[in-house]
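The values are calculated or read from the model by the stated rules, or taken from the named source; none is laboratory data. The shown structure was predicted, so the numbers you read here are calculated from the model rather than taken from an experiment. Positions of Cβ are generated from backbone atoms using ideal geometry, with glycine treated the same way; all protein chains shown enter the neighbour counts.
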Amino acid sequence: MCNYISISLAITQNGEEFSEGLIDRLSGLPDEILLSILWTLTLKEAATTSLLSKRWKHLWRYYPVLKFEDFAAMESMGDITRPIVEGKSKFVAHVNHALKQHMGSTIDELSVIFDLDDSYKSHIDKWVLYAFEKHVKRIELNLEPPWVHEKLQVWYNNITIIYPERVHYTLPYIRSPHNLASLRSLCLRNVNISSGDVQMFLQSCRLLEVLCVARSDILTSISYDGKTIKLQITKASFLSEVHIGGERGVVIAPMYESLSTYFPKLKYLSLEMSLAKKLNLEASHVPLLTRVEHLRLFFSSCYYQTLLGWTLLIETCPVLHKLTLEFFPQSMIKSPKPILKSCGQPLRYLRTLELLGFIGRKYDLELAYFVLENAISLQEVIVDLRPRPYINHSEGAQQRLKLLQKKIPEGVKLIIKETYPAPPPFP
């Protein structure tokens, strides 16, 4: 490239140009080459070097990657002699100016990494909505305070500063979900996003590959059953309900460590998995889920497979009140393998055991036996024998239910569901 490009202008620190004896050769290059050069620069570099060429001056406005960050400014905010608001206002003004100058029809990426809160909502809303209108592919809003960033943590560890309370920025209402069709990656840190908005992004963004949410104060539940994506929800301290999984080859087992770390108030956990994935055969290294009161486990497996590898997860919920076990057979092949017995820890607070899709084979009886032998405060067992779509497993289930009844402790109520309630009469 150096053989074809001669820098036509020398620029002083004040942005002034020296024109004596210099030739603007960049303007003679095709747009494609000029754009290929621009795309190797940051937005700030592209704008700064626009003085190099008359045509370059306007081409940078079509730049498809808009990245805004200023770690130097955030570091200076730790100096109590410098006004924090002034630094933030300058950053916001810089972003506003750049987006006002931008003329591209689409945007590949919008990235904002700076310490901002809800007091700047009107500005941030405009940035986000502008990106969606331009059919953005990747959005990153990292509005964490500077002492959270890895690049600045070492510096902030050496000083002691009292920071004011802050209210996280909240995403704006998206009136036109069709503008999200191109979105592939959404990463939000120190940004409030509601459960409904998470569901809206998961349902509307058919090309979505990455969803990351960290430190949202209003996220209370999340449910995802779809194609495999990189889903990361961290530091959601108010999240109380989580549903993860599906029958599409989702690997569930290795992700437990994050549950107690990032969801300290989690009360309802629902996991769906296929045992065709070998990593789903058991749960290991599971931390205590100290607040989970209702656990739902959905297994898609063969009759002859054992589910006892999941007893550890049940035991690590010390205040569990209700356990729902749902079974979906992948194969009707019978197996001579015997029903195994597993010793376990007392389930002191479990009141209700619910068995959905009960067939009375090895895979559901083993797990049910384990619970019945360890639930010392059990009050009721609910067995659902009602027919399910695409499965005719009711034949013989009533007879095999007797095996389960023998294990139910005296005084525990057995509720059997065999038919669906009649629909209400027409008015």
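A few comments on the model shown:
- Neighbours by Cβ (under 6 Å, 6+ apart or cross-chain): first from the stretch 316-328, within 15 Å of residue 386 (Cβ to Cβ); second aliphatic (A, V, I, L, M): 326/356
- Scanning the stretch 176-194 for residues that are hydroxyl-bearing (Ser, Thr, Tyr) and crowded, with 17+ Cβ neighbours inside 10 Å turns up 182, 185.
- Selection of the stretch 279-300 for residues being within 17 Å of residue 367 (Cα to Cα) and either at pLDDT 90 or above or in contact with a Lys or Arg (Cβ under 6 Å, 6 or more places away or on another chain) (or both) yields 294, 295, 296, 297.
- Checked against (1) assigned to a helix (DSSP H, G or I); (2) modelled with pLDDT of 90 or more; (3) closer than 24 Å to residue 220 by Cα, residue 199 meets all criteria but (2).
Yes/no matrix, rows are residues, columns are (1) surrounded by fewer than 19 Cβ atoms within 10 Å (Cβ to Cβ); (2) under 23 Å from residue 185 (Cβ atoms); (3) in contact with a strand residue (DSSP E or B) (Cβ under 6 Å, 6 or more places away or on another chain):
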site	(1), (2), (3)
95	no, yes, yes
100	yes, no, no
103	yes, no, no
115	no, yes, no
131	no, yes, yes
138	no, yes, yes
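- Residues satisfying the stated conditions in the stretch 223-243, i.e. under 17 Å from residue 209 (Cβ atoms) and in contact with a Lys or Arg (Cβ under 8 Å, 6 or more places away or on another chain): 226, 227, 228
- Of all residues in the stretch 395-412, those satisfying the criterion of being among the small types (Gly, Ala, Ser) and either at pLDDT below 90 or surrounded by 11 or more Cβ atoms within 10 Å (Cβ to Cβ) (or both) are 396, 397.
- Of all residues in the stretch 176-196, those satisfying the criterion of being part of a loop (DSSP other than H, G, I, E, B) and of a type in the set (A, V, I, L, M, F, W, C) are 181, 183, 193.
- Matching residues, the stretch 298-319, being more than 19 Å from residue 346 (Cα to Cα) and either assigned to a loop (DSSP other than H, G, I, E, B) or in contact with a helix residue (DSSP H, G or I) (Cβ under 9 Å, 6 or more places away or on another chain) (or both): 299, 301, 302, 303, 304, 305, 306
- Candidate set: the stretch 379-393, residues that are touching a Leu at 6+ places or on another chain (Cβ under 6 Å) and either assigned to a loop (DSSP other than H, G, I, E, B) or of a type in the set (A, V, I, L, M, F, W, C) (or both); chosen: the one modelled with the lowest pLDDT: 383
- Scanning the stretch 39-71 for residues that are among the aliphatic types (A, V, I, L, M) and modelled with pLDDT under 70 gives 41, 43, 46, 47, 51, 52.
- Scope the stretch 89-130; condition free of Cβ contacts under 8 Å to residues at least 40 places away in the same chain and under 18 Å from residue 65 (Cα atoms); matching residues: 91, 92, 94, 95, 96, 97, 99, 100, 105, 126, 127, 130
- Candidates 249, 226 - the one that is out of contact with any Ser or Thr (no Cβ under 7 Å at 6 or more places or on another chain), modelled with pLDDT under 85 and either in a loop (DSSP other than H, G, I, E, B) or not hydrophobic (A, V, I, L, M, F, W, C) (or both): 226
- Taken over the stretch 349-374, the criterion of being at negative phi, in a loop (DSSP other than H, G, I, E, B) and at pLDDT below 95 is satisfied by 358, 359, 361.
- Set 303, 268: member being more than 24 Å from residue 186 (Cα to Cα), surrounded by fewer than 21 Cβ atoms within 10 Å (Cβ to Cβ), among the aromatic types (Phe, Trp, Tyr) and modelled with pLDDT of 80 or more: 268
The rows are residues; the columns are (1) closer than 17 Å to residue 243 by Cβ; (2) touching a helix residue (DSSP H, G or I) at 6+ places or on another chain (Cβ under 7 Å).
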{"site": "181", "(1), (2)": "no, no"}
{"site": "184", "(1), (2)": "no, no"}
{"site": "191", "(1), (2)": "no, no"}
{"site": "197", "(1), (2)": "yes, no"}
{"site": "200", "(1), (2)": "yes, yes"}
{"site": "205", "(1), (2)": "no, yes"}
{"site": "209", "(1), (2)": "no, no"}
{"site": "214", "(1), (2)": "no, no"}
